[in-house]
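The values are calculated or read from the model by the stated rules, or taken from the named source; none is laboratory data. The structure presented is a predicted model; accordingly, all values stated were derived computationally and were not measured. Here the Cβ positions follow ideal geometry from the backbone for every residue, glycine too, while neighbour counts run over all protein chains shown.
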Amino acid sequence: MDAEHSPQTSPSPDPVPAQERRDTRSSDRGRLTVAAVLGVPLGGFLFLTWFWISLSLLSAGLGSLLAAGAGLLLLIPWVLLMRGAIALEQRRAVSVHRMPVITPRRRRSTREGFTGWLHGLWLDVTSGAFWRGVLHHHLAMVVAGIFSLLALALLTTAWMAVDIAVRYGPLEISGVELSRLALVVVAVLIAVLAIGVLILGALADRGLARGLISGSEDELREQVTEMSLRRQGAVDAAAQERLRIERDLHDGVQPRLVALAMTLGRAKQAIPTDPQRATALVDHAHSEAKAVVTDLRQLARGIHPAVLTDRGLDAALSALAARSPVPVRMQVRMTGPVDREQEAVAYFVVAEALTNVAKHAAATTAEVTVLREGPEGELRVRVADDGRGGAAIRRDGVSTGLAGLADRVRATGGRLEVSAAAPGTERPGTVLTALIPRSTAPAAPTGRPLPQEATR
């Protein structure tokens, strides 16, 4: 929440000294390092070997693409190799050139299986960031190759000068006689020039990295836009949650508490004149109080269930499936730790989806799949049913359950997609898919063991 400051409030002192800020800005621009200079010969070696292999794979794949799609057998490995090469180039820019790298967020496929994997490759190929990374990777090899070959030619010349001085003594060139010492001095100067060429190659490589992969103003704008959308999603989700709690209190708990107070009032009035009726009213009030406690417990579970904190996502989803009036087949497979934000969002996605299935879908079965795989730790939640279909994200003020879920997922940087058949079609049903990324903040330890793969 933004704090409000009065005009009389004096600005707080800058906690970062000016010199430190200047040093930070200087380091953000990148600096020349020994590793960057040594990387030029390595890039030259890649230019003589991998550069031509990569171009051959690309040209052969494109050339044979029309031959019954045979080119895909070459293009798919090439795309995978380029993805790895782009990641290595970004890491090299950070570790060698000491410059920040803005990595645009990869688009993720919502499909599953082999088709989802192919669709993910297609999303990479159709992105500008991928081709900009490919261009940088090959241009870096070309630049390194040029400067490496030039430095190699200079070092060869220096070696020849030293060899002539040692073997044959003075050398006469165009009537000018060069002594052995002069030849050695010339060799040293040429070697220094070769080192300078390598330094120029490192500077050129750093310039390419800064221009092509370090990030641009457009990417910064995209990052700001994404953060604004996530913030708006968090605000909308909080507003939806507040309205839900207010509605549950106003329509559920509050009337029952008013009725409980009225029952106790009648019992109090009946004690002097009709003790038996007063006892019956107190018994009724006692039963009503227990029912109100149950309602409050359900309301608290809707805010954040205790089982989610105590036993984790698997147990919480099992409890949801057990309470569902529609039979639910559940599969939970998590190969790594899941942070609290992912757990909470996944739980509420499944809870709201199963509630909609029970109330509106007229389904006979439902299937819940929760997968957490890959190094990035993205959580995929899929809820499918065989109901009448027709579900959609609406913001008309009447049916806002899925809209609230979409806002909650968007606040984490993920996305929610609903695929529903039109009512009356031959194969109705609804598939709700949520992709929940891992929080960038360090997750607090839960004290629970790592969840294991479970299928029910």
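Which pairs turn up if I take residues in region 121-139 that are within 25 Å of V40 (Cβ to Cβ) and touching a residue at least 12 places away in the same chain (Cβ under 8 Å) and look for partners that are assigned to a helix (DSSP H, G or I) and among the charged types (D, E, K, R) with beta carbon separation below 8 Å, at least 6 apart in sequence or on another chain? Close Cβ pairs satisfying both conditions: G133/E89; H136/E89; H137/E89.
Among the criteria (1) under 23 Å from L32 (Cα atoms); (2) at pLDDT below 95; (3) assigned to a helix (DSSP H, G or I), the one S214 does not fulfil is (3). Can you name every residue in region 30-57 that is of a type in the set (G, A, S) and free of Cβ contacts under 8 Å to residues at least 12 places away in the same chain? Of everything in region 30-57, just one residue is of a type in the set (G, A, S) and free of Cβ contacts under 8 Å to residues at least 12 places away in the same chain, namely S56.
Residue pairs whose Cβ atoms lie under 8 Å apart, separated by 6 or more positions or on different chains, with the first residue in region 58-71 and in the same structural domain as V125 (by TED's automatic domain parsing) and more than 17 Å from V125 (Cβ to Cβ) and the second at pLDDT 80 or above and of a type in the set (S, T, Y), are A70/S64. Summed over region 165-185, residues that are in a helix (DSSP H, G or I), surrounded by 11 or more Cβ atoms within 10 Å (Cβ to Cβ) and not basic (K, R) total 6.
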